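FYI, it's all coordinate maths here, none of it is from the lab. Since the model is a prediction, treat every value here as computed from it, not as a measurement. When we count neighbours, we look across all protein chains shown, and the Cβ atoms used for this are built from the backbone with ideal geometry, even at glycine.
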Amino acid sequence: MPLARRTIAVMVMCATSMVALAACSTTVSLQPAPDANNPRCAEVTVRFPQTLDGFERRWTDAQATGAWGEQGGGSNIIVACGVDVPGPTTLPCSTLSGVDWIVDD
């Protein structure tokens, strides 16, 4: 098989595989935060891990967001960068590596 034909065949197989894989996973629908376009959010989101606390990463449809966990699972983790600074809350808070987190079940 000539090189050009082989390259096209490989590209078609890869494209087919990607479509099949995309059909198996669902995208988490989220709204971007008001400051999601902030360059600092890009610095953070490109470093999101593939797994977080044992949960696999899932695709999201909003800029500067991340999601981990099973579809429809009750223990999903959602991260949004660029949110307004929250005021006082009665929700549980945690600090990890100098970053404050609000736990909202």
**OP:** Give the range 50-88 a look and list any residue that's under 22 Å from Asn38 (Cβ atoms) and loosely packed, with under 10 Cβ neighbours inside 10 Å, or say none.
**Re:** Asp84, Val85, Gly87
**OP:** Note down all Cβ pairs under 7 Å where the first residue falls in the range 45-59 and is under 18 Å from Val83 (Cβ atoms), the second is basic (Lys, Arg), and they're at least six residues apart or on different chains.
**Re:** Phe48/Arg57
